[in-house]
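The values are calculated or read from the model by the stated rules, or taken from the named source; none is laboratory data. Owing to the predicted nature of the structure, the values given are computational and were not obtained by experimental measurement. Neighbour counts run over all protein chains shown; Cβ positions are idealised from the backbone, glycine included. The area values use the complete protein model at the heavy-atom level, side chains included, leaving out ligands, DNA and RNA. Shrake-Rupley method; radii C 1.70, N 1.55, O 1.52, S 1.80 Å.
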Amino acid sequence: MSEIIHSASAEETRAAGRRFASTLREGDVVALNGELGAGKTEFMRGVTEYFGCSEQLASPTFPLMNVYEGFLEGCELSLHHFDLYRLETDQELEGIGFGEYLSSAWASFVEWAERFPKYEHAYTSAVTIDYDGPERRIITVTRRDA
Ligand SMILES: Nc1ncnc2c1ncn2[C@@H]1O[C@H](COP(=O)(O)OP(=O)(O)OP(=O)(O)O)[C@@H](O)[C@H]1O
Ligand SMILES: [Mg+2]
């Protein structure tokens, strides 16, 4: 099942991220896809706003993974945020312990997930952001389970 959201600004993309975050459950692993500058990190900023930890969001130049300590209904939870842009091979990805990091967070988020189809089975949902004009984006949210 897919949901399509039309965003007209970075703030609308963050709002979509906040709304999406409210639907997440423990163990979710989210693929964030889209071209350079599409808004994957903006969407992620909205997710971290929902979990009260947006001040921890790393700049887009962070190396591979960041851990955020967020909150849901007063309880602490950890979110793992990956950016796989600079990785080349499945071996490199395995070398950083990707699989273990995915499963040890409350929820994980992976920018450039589509570069590593080997891990496709791990994702419980996918968010794809497409350009639709300088400030316009089309955000497609697909969940594996109903
Ligand atoms: N509707 C919109 N949604 C999201 N970002 C937008 C929108 N309109 C303009 N922008 C701008 O586009 C840029 C998106 O950058 P962002 O770092 O989120 O992209 P990204 O997909 O994470 O890129 P990268 O692949 O480099 O990590 C920001 O500068 C943001 O202000
Ligand atoms: Mg980014």
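Worth pointing out:
- Taking the conditions (1) farther than 21 Å from Trp112 by Cβ; (2) open to solvent by less than 20 Å² (accessible area, probe 1.4 Å); (3) touching a helix residue (DSSP H, G or I) at 6+ places or on another chain (Cβ under 9 Å); (4) not basic (Lys, Arg) in turn, Ala15 satisfies each one other than (2).
- Residue match in the range 49-56 (condition: within 16 Å of ligand 1 (Cβ to nearest atom), free of Cβ contacts under 8 Å to residues at least 40 places away in the same chain, among the charged types (D, E, K, R) and in a helix (DSSP H, G or I)): yes
- Residues that are of a type in the set (A, V, I, L, M) and part of a loop (DSSP other than H, G, I, E, B), drawn from the range 7-48: Ala8, Leu24, Leu36, Ala38
- Residue selected from the range 57-93 under the condition among the aliphatic types (A, V, I, L, M), in a loop (DSSP other than H, G, I, E, B) and away from ligand 2 (no atom under 12 Å from the Cβ), by the criterion farthest from Ser9 (Cα to Cα): Leu87
Yes or no, residue by residue, for (1) open to solvent by less than 20 Å² (accessible area, probe 1.4 Å); (2) over 10 Å from the mean Cα position of the chain (by Cα); (3) more than 16 Å from ligand 1 (Cβ to nearest atom):
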{"site": "Ile5", "(1), (2), (3)": "no, yes, no"}
{"site": "Ala10", "(1), (2), (3)": "no, yes, no"}
{"site": "Gly27", "(1), (2), (3)": "no, yes, yes"}
{"site": "Gly34", "(1), (2), (3)": "yes, yes, no"}
{"site": "Gly39", "(1), (2), (3)": "yes, yes, no"}
{"site": "Val47", "(1), (2), (3)": "yes, no, no"}
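- Residue within the range 59-73 that is touching a Phe, Trp or Tyr at 6+ places or on another chain (Cβ under 8 Å), open to solvent by less than 30 Å² (accessible area, probe 1.4 Å) and more than 17 Å from Arg115 (Cα to Cα) present: yes
- Cβ separations smaller than 8 Å between residues 6+ apart or across chains give the following pairs from the range 1-27 residues that are farther than 14 Å from Met44 by Cβ to residues that are part of a loop (DSSP other than H, G, I, E, B) and hydrophobic (A, V, I, L, M, F, W, C): Met1/Ala146; Glu26/Trp106; Gly27/Trp106.
- Criterion violated by Arg143 - all others in (1) touching a residue at least 40 places away in the same chain (Cβ under 8 Å); (2) among the charged types (D, E, K, R); (3) farther than 22 Å from Leu57 by Cβ; (4) open to solvent by 70 Å² or more (accessible area, probe 1.4 Å) satisfied: (4)
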